[in-house]
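Worksheet: the structure to be examined is printed underneath.
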Amino acid sequence: MGSTVENIDINGSKVPIIFEQNSYLPIVSIQIVFEGSGELSSPVDGLANLSARLLNEGTKKDGSSKFAKKMDEKAISISAHATRSNFIIELNTLKSEYSSAIKLLNELLKDPNYSEKALNRVKRQKIGWLTQKESDYDYISRNLLSKILFRGTPLARDSKGTKDSTLKTTLKEIEGFLNTRLGYNNAIVVIGGDISKEAAKQSVANILKNLKKVEKIELENIKASNKREVKQESKKDIHQAYIYFGAPFYFSYDSEDQYKAKIASHILGASGFGSRIMEEVRVKRGLAYSAYAVLVRSKLSSYMIGSLQTKVESKDKAIGVVKKVVNNFVKEGITQKELDEAKEFLLGSEALRNETLSQRLNRAFEEYYLGRPLGFEKEQLKKIENASLEEINSFIKAHKEITKISFSVVTKGNKK
């Protein structure tokens with residue numbers, strides 16, 4: 001039995017439940033996805049992330065330690081995190097402890113640990129994480145690329161926050177964020193495991209009735225810059241060049257031709273060894289240990305992004321190679337051999353991408369979230385199998401915009 005989608009009524013709002021029953025293991029998994037309530041919906045950088053961290057501190061009544069002990073005693077896991085788009089609460093439990101897990105989740109939603117002690121603890125943790133990132137040059141280069149590609153838009157923000165924004169965040173701001181972002185009317189629920197559909201619907205309704213109705217937030221779709229900028233940031237005690245690159249990709253996340261973009265992305269740089277980027281950068285020239293490029297297709301934005309690390313003295317050569325590879329890819333297209341190998345990999349590895357309950361539920365969620373019918377990916381596999389060299393090359397050659405590449409470089413030396 002595969003995944004299904006069914007709406008339940010909560011105070012007049014239709015809440016979708018993505019469900020799959022699977023009794024192979026005596027476990028139950030729930031994800032509550034609050035659509036549009038992620039990092040980009042926050043009025044203050046880092047507020048969504050800090051709010052999720054505080055929600056992981058248990059209830060105000062029990063405190064962090066006692067609430068964690070209650071979960072540990074019954075092998076229950078409840079956690080929250082924020083992506084750029086959404087705020088997500090996850091619950092995993094043994095079937096035998098399911099009623100206890102639902103009870104604990106309800107307690108958490110009714111009584112989050114809004115205390116200065118809990119807030120100070122998560123602030124210390126967050127500042128420690130931010131301090132580590134100050135020497136994570138890969139992270140710095142990627143953020144710099146976001147500022148280049150998406151300048152002046154929400155995607156250019158330091159959505160994880162800074163030390164200063166973390167220190168200034170108040171309990172009132174976190175409480176306000178959670179109260180206005182976590183609603184029954186912007187929730188999508190993903191639930192599966194050793195549980196009946198009726199029991200799942202009943203427990204979901206029981207959880208969501210603890211929440212308020214909130215104002216739904218629609219995140220705008222943002223185009224990446226086509227200005228071909230190169231920005232360099234200098235750091236002390238660095239012995240490599242950390243290079244990220246990106247370009248616009250004018251392709252809609254809800255297009256039925258996803259299979260064409262998947263094949264193109266795989267051959268260009270998403271497949272590791274055998275991809276154009278890896279072959280030219282590492283195998284032929286030895287400029288980097290690893291290099292990749294992918295074509296991202298999301299609700300927020302569609303764009304090409306890739307990265308590599310190389311010696312300081314090789315950075316200009318590596319940038320030139322990336323430009324050449326992408327230009328040739330668009331100008332000449334791919335070969336029949338490359339297409340056949342891509343088909344073999346994408347079709348052959350499908351079983352591994354659809355093996356576990358978690359993988360199947362995540363795929364079903366993605367299909368629903370992106371406005372696709374359930375089973376969309378299976379239909380795409382048939383199209384991959386039947387794809388011709390002519391149609392894939394026609395698709396690639398039509399997307400000249402991916403040659404308009406910008407680069408961010410974090411390395412040793414003077415700024416450029």
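The values are calculated or read from the model by the stated rules, or taken from the named source; none is laboratory data. Please read these numbers as outputs of a predicted model, since none were measured by experiment. We place every Cβ from the backbone using ideal geometry, glycine too, and count neighbours over all the protein chains shown.
For region 141-190, name all the residues that are among the small types (Gly, Ala, Ser) and assigned to a helix (DSSP H, G or I).
Kept after step one, since they are among the small types (Gly, Ala, Ser), are these residues of region 141-190: 141, 146, 152, 156, 159, 161, 165, 176, 183, 187.
141, 146, 156, 165, 176, listed by residue number.
Considering only region 291-311, state which residues are within 16 Å of the chain's Cα centre (by Cα), among the polar types (S, T, N, Q) and over 15 Å from residue 148 (Cβ atoms). Give the derivation first.
Quick first cut of region 291-311, residues within 16 Å of the chain's Cα centre (by Cα) only: 294-306.
Those left that are additionally among the polar types (S, T, N, Q): 298, 301-302.
Result: 298, 302.
I need the full set of residues from region 236-254 which are over 26 Å from residue 411 (Cα atoms) and either free of Cβ contacts under 8 Å to residues at least 24 places away in the same chain or among the charged types (D, E, K, R) (or both), in order please. So that I can check it myself, show each step before the final result.
Of all residues in region 236-254, those over 26 Å from residue 411 (Cα atoms) come to 249-254.
Selection gives 254 alone.
I need the full set of residues from region 329-344 which are surrounded by 13 or more Cβ atoms within 10 Å (Cβ to Cβ) and either without any contact (Cβ under 8 Å) to a residue 24 or more places away in the chain or aromatic (Phe, Trp, Tyr) (or both), in order please. Walk me through how you get there before you give the answer.
Quick first cut of region 329-344, residues surrounded by 13 or more Cβ atoms within 10 Å (Cβ to Cβ) only: 329-330, 333-334, 338-339, 341-343.
The one that is surrounded by 13 or more Cβ atoms within 10 Å (Cβ to Cβ) and either without any contact (Cβ under 8 Å) to a residue 24 or more places away in the chain or aromatic (Phe, Trp, Tyr) (or both): 329.
Would you say residue 318 is of a type in the set (Gly, Ala, Ser), under 22 Å from residue 192 (Cβ atoms), surrounded by 12 or more Cβ atoms within 10 Å (Cβ to Cβ) and touching a Ser or Thr at 6+ places or on another chain (Cβ under 6 Å)? Write out each step before concluding.
Values: of a type in the set (Gly, Ala, Ser): yes; under 22 Å from residue 192 (Cβ atoms): no; surrounded by 12 or more Cβ atoms within 10 Å (Cβ to Cβ): yes; touching a Ser or Thr at 6+ places or on another chain (Cβ under 6 Å): yes.
Against the criterion (of a type in the set (Gly, Ala, Ser), under 22 Å from residue 192 (Cβ atoms), surrounded by 12 or more Cβ atoms within 10 Å (Cβ to Cβ) and touching a Ser or Thr at 6+ places or on another chain (Cβ under 6 Å)), residue 318 does not qualify.
This table checks each residue for (1) out of contact with any Ser or Thr (no Cβ under 6 Å at 6 or more places or on another chain); (2) among the basic types (Lys, Arg).
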position	(1), (2)
183	yes, no
195	yes, no
213	yes, yes
244	no, no
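From the list 134, 57, 116, exactly one residue is of a type in the set (D, E, K, R) and touching a Ser or Thr at 6+ places or on another chain (Cβ under 8 Å). Which is it? Outline the logic, then answer.
Details: 134 fails: touching a Ser or Thr at 6+ places or on another chain (Cβ under 8 Å); 116 fails: touching a Ser or Thr at 6+ places or on another chain (Cβ under 8 Å).
Of 134, 57, 116, the one residue that is of a type in the set (D, E, K, R) and touching a Ser or Thr at 6+ places or on another chain (Cβ under 8 Å) is 57.
Looking at (1) surrounded by 18 or more Cβ atoms within 10 Å (Cβ to Cβ); (2) under 23 Å from residue 189 (Cβ atoms), find the lone condition where residue 366 falls short.
(1)
Kindly state which strands (runs of 3 or more DSSP E) lie completely within region 192-311 and contain at least 2 residues that are crowded, with 22+ Cβ neighbours inside 10 Å.
Working: elements: 230-234, 240-248, 291-297, 302-311.
So the answer is 240-248, 291-297, 302-311.
Would you point out which residue out of 302, 298, 271, 307 is touching a residue at least 24 places away in the same chain (Cβ under 8 Å) and over 18 Å from residue 142 (Cα atoms)? Please lay out each step first, then the result.
On the way: 302 fails: over 18 Å from residue 142 (Cα atoms); 298 fails: over 18 Å from residue 142 (Cα atoms); 307 fails: over 18 Å from residue 142 (Cα atoms).
Exactly one residue qualifies, and that residue is 271.
Suppose we keep only residues that are out of contact with any helix residue (DSSP H, G or I) (no Cβ under 8 Å at 6 or more places or on another chain) and either crowded, with 17+ Cβ neighbours inside 10 Å or hydrophobic (A, V, I, L, M, F, W, C) (or both) within region 166-191. Which one would you say is nearest to residue 127 (Cα to Cα)?
In this case the residue turns out to be 183.
From the residues in region 114-150 that are surrounded by fewer than 18 Cβ atoms within 10 Å (Cβ to Cβ) and among the aromatic types (Phe, Trp, Tyr), which one is farthest from the chain's Cα centre (by Cα)?
If we take residues in region 114-150 being surrounded by fewer than 18 Cβ atoms within 10 Å (Cβ to Cβ) and among the aromatic types (Phe, Trp, Tyr), then 114 is farthest from the chain's Cα centre (by Cα).
Report the residue count in region 10-45 for those that are aromatic (Phe, Trp, Tyr) and either over 17 Å from residue 180 (Cβ atoms) or touching a Ser or Thr at 6+ places or on another chain (Cβ under 6 Å) (or both).
2
Check region 153-160 and report whether any residue there is under 23 Å from residue 365 (Cβ atoms), in contact (Cβ under 8 Å) with a residue 60 or more places away in the chain and among the basic types (Lys, Arg).
No, region 153-160 has no match at all.
Would you check if there is a residue in region 256-264 being at pLDDT below 95, closer than 30 Å to residue 83 by Cα and out of contact with any Cys (no Cβ under 9 Å at 6 or more places or on another chain)? Spell out the reasoning first.
Pass one, region 256-264, residues at pLDDT below 95: 256-257.
Of the ones still in play, those that are also closer than 30 Å to residue 83 by Cα are 256-257.
Next, from what is left, pick out any that are out of contact with any Cys (no Cβ under 9 Å at 6 or more places or on another chain): 256-257.
There is at least one residue in region 256-264 that is at pLDDT below 95, closer than 30 Å to residue 83 by Cα and out of contact with any Cys (no Cβ under 9 Å at 6 or more places or on another chain).
Taking residue 349 as the residue in question, decide whether it is within 30 Å of residue 228 (Cα to Cα), of a type in the set (S, T, N, Q) and either surrounded by 13 or more Cβ atoms within 10 Å (Cβ to Cβ) or out of contact with any Ser or Thr (no Cβ under 8 Å at 6 or more places or on another chain) (or both). Before you say what the answer is, go through the steps one by one.
Details: within 30 Å of residue 228 (Cα to Cα): no; of a type in the set (S, T, N, Q): yes; either surrounded by 13 or more Cβ atoms within 10 Å (Cβ to Cβ) or out of contact with any Ser or Thr (no Cβ under 8 Å at 6 or more places or on another chain) (or both): yes.
Judged against the criteria, residue 349 is not a match.
Since residue 409 meets every condition but one in (1) part of a helix (DSSP H, G or I); (2) surrounded by 13 or more Cβ atoms within 10 Å (Cβ to Cβ), which condition does it not meet?
Of the numbered conditions (1) part of a helix (DSSP H, G or I); (2) surrounded by 13 or more Cβ atoms within 10 Å (Cβ to Cβ), the odd one out for residue 409 is (1).
Considering each of 347, 352 in turn, give the residue that is in contact (Cβ under 8 Å) with a residue 24 or more places away in the chain, under 25 Å from the mean Cα position of the chain (by Cα), closer than 30 Å to residue 4 by Cβ and not in a loop (DSSP other than H, G, I, E, B).
On the way: 352 fails: in contact (Cβ under 8 Å) with a residue 24 or more places away in the chain.
Unique residue meeting the criteria: 347.
Take region 100-113 and flag every residue that is over 27 Å from the mean Cα position of the chain (by Cα) and in contact (Cβ under 8 Å) with a residue 60 or more places away in the chain.
Answer for region 100-113, where residues must be over 27 Å from the mean Cα position of the chain (by Cα) and in contact (Cβ under 8 Å) with a residue 60 or more places away in the chain: just 110.
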